[in-house]
Amino acid sequence: MRLRFLPVVLLVLMPSVVFATADGAWLRRVPDEDRARKNPVAGQAAAIRVGEGLFHENCARCHGVDADGRTTRPSLRSARIRGASDGSLLWMLRNGNPYKGMPPAQALTEPQRWQVIAYLRSLPASKK
Ligand code: HEC
């Protein structure tokens, strides 16, 4: 009775169907002037330190404590994110992508968002 395994197969496949994987489509919606914005605290040790705390409070539960992604929540150390401009990441934090489960970072002010981005830039590339 091979059909016996069907429920198991469906259970394994379902999450990938229900939660479409992150494809970076949002990057195409970022307006040019947002993409071009520069992080005023890029590379600053104090900002990176504060950003780390903010990341753990606001982002780690979905993206993982190491920011390398969890289940359907993408790594923030991927080639895509490392290649995206700081301005594009700020745009994503302001707007989110609610239809795909990424909430806008409403709890954070703009300076705090830049600090989180400075922290993400300090992390090593994903080995996945
Ligand atoms: C409730 C879970 C959740 C929280 C909290 C969350 N995210 Fe996300 N995030 C997601 C999901 C799901 C996606 C995939 C969205 C997509 O594909 O467009 C995503 C996508 C992203 C992306 C784009 C990734 C890519 O590869 O395209 C960035 C950047 C990002 N999140 C940063 C953050 C930061 C920084 C925080 C904290 C301020 C945060 N997220 C908080 C769920 C979350």
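FYI, it's all coordinate maths here, none of it is from the lab. Please read all numbers here as calculations on a predicted model, not as lab measurements.
For Gln44 and Thr72, calculate 0.36 nm times their separation in residues minus their Cα-Cα distance, and state this gained length in nm to one decimal.
Roughly 7.0 nm would be gained on extension.
Once amide H atoms are built 1.01 Å from N in the peptide plane, which residues 5 or more positions from Asn97, or in another chain, come under 5 Å H to H?
For Asn97, the qualifying residues are Met102.
Rounded, prolate or oblate for the stretch 49-107? Axes are the square roots of the Cα gyration tensor eigenvalues, ordered a ≥ b ≥ c, and the cut-off for rounded is a/c under 1.5.
Rounded shape, in that the Cα axes give a/c under 1.5.
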